[in-house]
Amino acid sequence: MTDIAVTQPVERIARIICAQDFSEKCEKVGSGRGAAMSAAVSAHCDRSWQDEIARAAEILRTIREPTEAMARAGDATDGSAADKWNAMVRVALGEAD
């Protein structure tokens, strides 16, 4: 059974983009790592993830049309739509069994 997320994919992707951008900027100025860095990134993303919605939506749009391999994985998977989606995305990421 595939876990069902409680947040929308566009929000999760936007938060990742925001976190990566912020982390890279901090590393360039030598802001450190560890718990303090994690807390700073988390706080920044809580305030700013909405600024990345357009970029996140563009990423989601790129997977709207599956490859043949993704479609085959979805067709071959028994279970829920979530299980089929998971199989298809794993193929896209090169993580298929």
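Only the coordinates and a few stated rules stand behind these numbers; no lab work does. Bear in mind the structure is a predicted one, so any value in this text is a computation, not a measurement. Reconstructed Cβ throughout: ideal geometry from the backbone, glycine too, with neighbour counts over all protein chains shown.
General observations
- Under the membrane-span-like helix rule (DSSP H runs whose alpha carbons stretch at least 18 Å along the helix axis, mean Kyte-Doolittle hydropathy -1.0 or higher), the chain yields 9-28, 35-48.
- Qualifying GluC sites (Glu not before Pro) in segment 56-97, DSSP loop, other Cβ atoms within 10 Å at most 14: GLU95
- For ASP83 and THR2, the difference between the fully extended length at 0.36 nm per residue and the C-alpha to C-alpha distance is 28.6 nm.
- Stokes-Einstein D in µm²/s, Kirkwood radius over Cα pairs - the chain at 20 °C with 1.002 mPa s viscosity: 140
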